[in-house]
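The values are calculated or read from the model by the stated rules, or taken from the named source; none is laboratory data. Predicted, not measured: the structure shown is a model, and the values here were computed from it. We place every Cβ from the backbone using ideal geometry, glycine too, and count neighbours over all the protein chains shown. All accessible areas refer to the heavy atoms of the entire protein, side chains included, with ligands and DNA or RNA removed. Shrake-Rupley method; radii C 1.70, N 1.55, O 1.52, S 1.80 Å.
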Amino acid sequence: MELVQINQERKIESNILLPIKSLNNSNEIKLLKVPTENNNPFIEANTKNVSLFNLKNDCIIPVFSKDNEKTLAHQEFIEIAQNCVTKVFPNHIILEPEIRVSHQIKGRTANAIYKPVKELLEHEKTQYFERMAFIIRIPSITENINGNNISLTVGGVRAYNQENLYNRKTYEKFKFFIGFQNMVCCNLCISTDGYQDEMRVGNYQELESKIIELIQGYNAQNHLQEMMRLSEQNISEKQFAQLIGRARLYNYLPKQEKSQIPELLLNDGQISTVAKDYYLDNSFCRNDNGYINLWNVYNLFTGANKSSYIDSFLSRNVNAFDFTEGLANAINGDSNDHWFLS
């Protein structure tokens, strides 16, 4: 393990987490390298783990075909995020990014155009990944909810399938978040004010500016308090069964009725996973009386969301938090959110 910066890890009280306005002028990225093989991935689906070195040295960079202008590459997005994090949190431990990719696009060099596949040499093969997600954890900023340590985390998604690469270069789209990661299961915990679904930027400087703006606008203390409240509210086995049944009906509702109900983005397969883990999950299952608190329900949702594709993963994660808060509102008598438990 190579240590670039050594800081003593300590727990930061939630009332001084954010907003943090400190910026420094240093461009030095201070990262702690740690092994990640034994950790649960923050997303599974059809993804695989790669390093920043792999992206830089083993992948080509797509271009906009009509003017041959290059895209902002995956590795550039990650490095911009690293720079932003070190500027806003100059005195904290920052871990190396965890990177997951999917949808490999293969090619070959021009001199190998007529070669059979089995005869291709390594230097004649090209590749890039259509979709990429990453997180950067800041383990010196932590909190504990319901016995679970959570750590401040930033991350983003880049999906080339959402760009028109057959046209001329225009604004490019990025997804970015700041929130927390539950270290028991590596599930992400993201709220609406810590997430931007579509950052439209034209260059490096614009992307850096928008990332810093999002980080500094995030209210971590409020997010933590909302998550802690979830651990204080419980539903019975009967209510949970009602929730699962309603969730299965949700996608088949008439459009007008559906528009009056809080949105739920998880698919049927993921709802089945939630139902199974209510009984079987080692960390977030029901208690001996069949009751389950909403913090555990929330983590069942975010755990099931790990099977989402990269380009829908973050929006579903944010929706899981909003939906669980809606369940809390329903318990407290808010009629606008009662449908899933009624």
Limited to region 204-229, what total is found for residues that are in contact (Cβ under 8 Å) with a residue 60 or more places away in the chain and of a type in the set (Asp, Glu)?
-> 2
Considering residues of region 239-264 that are charged (D, E, K, R) and closer than 15 Å to Ala330 by Cα only, the residue surrounded by the most Cβ atoms within 10 Å (Cβ to Cβ) | Arg246
Residues in region 197-217: is at least one over 15 Å from Phe323 (Cα atoms), touching a Pro at 6+ places or on another chain (Cβ under 9 Å) and open to solvent by 30 Å² or more (accessible area, probe 1.4 Å)?
-> yes
Near pairs, Cβ below 9 angstrom, 6+ apart or cross-chain, from region 327-342 (free of Cβ contacts under 8 Å to residues at least 24 places away in the same chain) to any residue that is aromatic (Phe, Trp, Tyr) | Ala330/Trp339; Ala330/Phe340
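For region 270-320, give me each residue that is part of a helix (DSSP H, G or I), hydroxyl-bearing (Ser, Thr, Tyr) and open to solvent by 20 Å² or more (accessible area, probe 1.4 Å). Step through it out loud before you land on a result.
Step one: list which residues in region 270-320 are part of a helix (DSSP H, G or I), which gives 270-280, 294-307, 310-320.
Then drop every residue that is not hydroxyl-bearing (Ser, Thr, Tyr), which leaves 272-273, 278-279, 298, 302, 307, 312, 315.
Hits for region 270-320 are Ser272, Thr273, Tyr279, Ser307, Ser312, Ser315.
How many of the residues making up region 119-146 are acidic (Asp, Glu), over 21 Å from Ile99 (Cβ atoms) and in contact (Cβ under 8 Å) with a residue 24 or more places away in the chain?
Selection size over region 119-146: 1.
Quick check on region 252-269: of everything there that is assigned to a loop (DSSP other than H, G, I, E, B) and in contact with a Lys or Arg (Cβ under 8 Å, 6 or more places away or on another chain), which residue is nearest to Asn299 (Cα to Cα)?
Applying the first criterion (assigned to a loop (DSSP other than H, G, I, E, B)) to region 252-269 yields 252-254, 259-267.
Okay, now just the ones that are also in contact with a Lys or Arg (Cβ under 8 Å, 6 or more places away or on another chain), so 265-266.
Details: Leu265: 15, Leu266: 13 Å.
So, considering only residues that are assigned to a loop (DSSP other than H, G, I, E, B) and in contact with a Lys or Arg (Cβ under 8 Å, 6 or more places away or on another chain), the one nearest to Asn299 (Cα to Cα) is Leu266.
Please enumerate the residues belonging to region 158-193 that are part of a strand (DSSP E or B), buried (at least 18 other Cβ atoms within 10 Å of the Cβ) and not aliphatic (A, V, I, L, M).
Within region 158-193, the first condition is being part of a strand (DSSP E or B), and the residues that meet it are 158-159, 172-182, 188-189.
Those left that are additionally buried (at least 18 other Cβ atoms within 10 Å of the Cβ): 158-159, 172, 174-182, 188-189.
Residues satisfying the conditions are Arg158, Glu172, Phe174, Lys175, Phe176, Phe177, Gly179, Phe180, Gln181, Asn182, Cys189.
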Looking only at region 96-131, which residues are in a strand (DSSP E or B) and either among the hydroxyl-bearing types (Ser, Thr, Tyr) or open to solvent by less than 50 Å² (accessible area, probe 1.4 Å) (or both)?
-> Glu98, Ile99, Arg100, Val101, Ser102, Gly107, Thr126, Gln127, Tyr128, Phe129, Glu130, Arg131
Considering (1) polar (S, T, N, Q); (2) out of contact with any strand residue (DSSP E or B) (no Cβ under 6 Å at 6 or more places or on another chain); (3) open to solvent by 30 Å² or more (accessible area, probe 1.4 Å), say which one Ser236 fails and leave the rest.
-> (3)
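For residues in region 135-157 being within 15 Å of the chain's Cα centre (by Cα) and of a type outside the set (A, V, I, L, M), which is most open to solvent (accessible area, probe 1.4 Å)?
Step one: of region 135-157, the residues within 15 Å of the chain's Cα centre (by Cα) are 135-138, 150-157.
Next, only the ones that are of a type outside the set (A, V, I, L, M) stay: 137, 151, 153, 155-156.
Details: Arg137: 46, Ser151: 3, Thr153: 0, Gly155: 0, Gly156: 2 Å².
Top of the filtered list is Arg137.
For Ser335, indicate whether it is modelled with pLDDT of 95 or more and either open to solvent by 10 Å² or more (accessible area, probe 1.4 Å) or touching an Asp or Glu at 6+ places or on another chain (Cβ under 7 Å) (or both).
On the way: modelled with pLDDT of 95 or more: no; either open to solvent by 10 Å² or more (accessible area, probe 1.4 Å) or touching an Asp or Glu at 6+ places or on another chain (Cβ under 7 Å) (or both): yes.
So Ser335 fails the test.
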Top-ranked residue in region 52-91 [being of a type in the set (Gly, Ala, Ser) and farther than 18 Å from Thr153 by Cβ; ranked as least open to solvent (accessible area, probe 1.4 Å)] = Ala73
Of Asn25, Asn57, Asn68, the only residue that is at pLDDT 90 or above and over 30 Å from Gly269 (Cβ atoms) is Asn57
